[in-house]
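The block underneath contains the structure these notes are about, expressed in C-alpha cells.
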Amino acid sequence: MPLLAAPSNESEQIGTLGTAIARGILDPLDKSTVSVEPLTATVGTEPSKRRVEEEFSQHSSRLEVLLQKDNVRAIQEADVVLFAVKPVKREDVFGTPGVREALRGKLILSIMAGISTTELKRLTGSGEQDQSPPLQVVRAMPNMAANIREAMTPYTANTETLSKENIEIASWVSNQVGHSQLIAESNFDISAVLVGCAGSLLLLAIDGLLDAAVAEGVKRPEAQNFIMKQCNRNAEVGAGRKSSKCVAREDRISWRVFDKGAVGVGEARSQIGLHGCNHDRG
Ligand SMILES: NC(=O)c1ccc[n+]([C@@H]2O[C@H](COP(=O)([O-])OP(=O)(O)OC[C@H]3O[C@@H](n4cnc5c(N)ncnc54)[C@H](OP(=O)(O)O)[C@@H]3O)[C@@H](O)[C@H]2O)c1
C-alpha cells in the first residue's frame, strides 16, 4: 500500500491502554500504510515516566516520554494526538492554557470511555472561531486485548467532515492492536459494552468450567482442548454466523424489543433475559 502523507509525529497520554497502543505503533503489524516518527508520550508522574521509558528502552531513539507539564509542547509538535487519560482528568488536560490552540488542525483520537464526539468538540473549543476548519476527531474504544494485539476497537467520527486520510490513520492506529470497525456514534455505547464485556464474561465462565473439570480429574490440557473446540463453534453460532435456533430467537427478540418501542439498553437486556428462553420453548 502507498505511504500516506502520514503523521510525522504522534503524541499520546500513556497508561495501560496508551502503553498497549504505543507498543502497536512503535512495532506495527502494518508497516506500509502509516509511518510514525517519532512518538511523544506524556504521563502524569515521574514513576510512570520511568516505567514507560524502561518498557520501550529498545525504541528510545523514536520515543520521547514527557511529563504532563509538557503536554502543550507535545501537542504542538504532533500531527496526531491520542488522548488516553482517565475521563475524569479531561477538564484539567484540555483546560491547560495553550492546549486548545495547539490542537487546532490536528487529528484528535480519544479512547476516553463515555466521552462523545460532542463532548470532545466542547473540550477542544471547536466552533468557537467561525474560520476554524472542521474538527478532525475520532472516538475509539479498544478493549484490554489490545495488550496482546487482539483487541476489537469500534470507532466513530463525523465522516462528512473527517478526511479520508484521517479515517485511514485512525483505523491504522487501532489495527496495530487488533481489529477495528467504523460505526455510527448512535451505536457506540452498546458496541463498547459488547467488546468490553462479551469476552471477559465468557472467560470468567470458562475459567470456572476448567477448574471444575480439573477438580473432577480431567487433565487441564484435555479440558482446554474441549473448551477451545466448543467455544469457537459456539461463538460463531451465538454471534449469528451459523444458522441455528439461537439466530431465530435473536431475530424474534430484537423484533419484540423494537415492537414495544423499548429504546434503553437496560430494557432491551431485561426483555432478552425474560423472554429469550420462552421463545425457544414456545
Ligand atoms: N482500561 C480499559 O479497559 C479501557 C478500555 C477502553 C478505554 N479505556 C480508556 O482509556 C483511558 C486510559 O485508561 P487506562 O486504563 O489506560 O488508565 P491509566 O492506566 O490510569 O492511564 C492513564 C495515564 O494517563 C496519565 N496521565 C494522568 N494525567 C495526565 C495528564 N494531565 N497529562 C498526561 N498524562 C496524564 C497517567 O499517568 P500517571 O499514572 O503517572 O498519573 C497514566 O499514565 C481512559 O480514558 C479509559 O476510559 C480504558
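The values are calculated or read from the model by the stated rules, or taken from the named source; none is laboratory data. The model shown is predicted, which means the values in this text are computed figures rather than measured ones. So basically every Cβ, Gly included, is an ideal-geometry build from the backbone, and we count neighbours across all protein chains shown.
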Tally of residues being free of Cβ contacts under 8 Å to residues at least 40 places away in the same chain and closer than 25 Å to S186 by Cα across region 100-113: 4
On the given criteria, is R139 surrounded by 13 or more Cβ atoms within 10 Å (Cβ to Cβ) and either more than 13 Å from the ligand (Cβ to nearest atom) or over 13 Å from the mean Cα position of the chain (by Cα) (or both)? no
Count - residues of region 18-62 that are in a loop (DSSP other than H, G, I, E, B), touching an Asp or Glu at 6+ places or on another chain (Cβ under 8 Å) and within 21 Å of E77 (Cα to Cα): 5
How many of the residues making up region 62-78 are in contact (Cβ under 8 Å) with a residue 12 or more places away in the chain and out of contact with any strand residue (DSSP E or B) (no Cβ under 7 Å at 6 or more places or on another chain)? 2
Keeping to region 171-211, report how many residues are part of a helix (DSSP H, G or I) and under 27 Å from I115 (Cα atoms). 23
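Per-residue answers, yes or no, for (1) at pLDDT 95 or above; (2) farther than 20 Å from V177 by Cβ; (3) assigned by TED's automatic domain parsing to the domain that holds K164:
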residue: P38; (1), (2), (3): no, no, yes
residue: R50; (1), (2), (3): yes, yes, yes
residue: Q58; (1), (2), (3): yes, no, yes
residue: K69; (1), (2), (3): yes, yes, yes
residue: V72; (1), (2), (3): yes, yes, yes
Within region 41-55, restricting attention to residues that are within 8 Å of the ligand (Cβ to nearest atom) and of a type in the set (A, V, I, L, M), which residue is nearest to V93 (Cα to Cα)? V43
Here are some residues: L123, L109, L182. Which one is hydrophobic (A, V, I, L, M, F, W, C), more than 26 Å from S32 (Cβ to Cβ) and in contact with a helix residue (DSSP H, G or I) (Cβ under 9 Å, 6 or more places away or on another chain)? L123
Looking at V214, is it outside any loop (DSSP other than H, G, I, E, B) and β-branched (V, I, T)? yes
Those residues of region 72-86 that are within 12 Å of the ligand (Cβ to nearest atom) and either surrounded by 23 or more Cβ atoms within 10 Å (Cβ to Cβ) or under 23 Å from P142 (Cα atoms) (or both) come to a total of 8
From P38, P97, grab the single residue that is in contact (Cβ under 8 Å) with a residue 24 or more places away in the chain, of a type outside the set (G, A, S) and more than 15 Å from the ligand (Cβ to nearest atom). P38
Please verify whether S48 is without any contact (Cβ under 8 Å) to a residue 40 or more places away in the chain and crowded, with 18+ Cβ neighbours inside 10 Å, treating the condition exactly as stated. yes
Region 18-32 residues that are over 11 Å from V173 (Cβ atoms), paired with ones that are away from the ligand (no atom under 16 Å from the Cβ) and assigned to a loop (DSSP other than H, G, I, E, B) (beta carbon under 9 Å, 6 or more apart): L26/V36; L26/R62; S32/M1; S32/P2; S32/L3
Within region 158-174, the residues that are crowded, with 24+ Cβ neighbours inside 10 Å and either free of Cβ contacts under 8 Å to residues at least 60 places away in the same chain or under 20 Å from L203 (Cα atoms) (or both) are S174
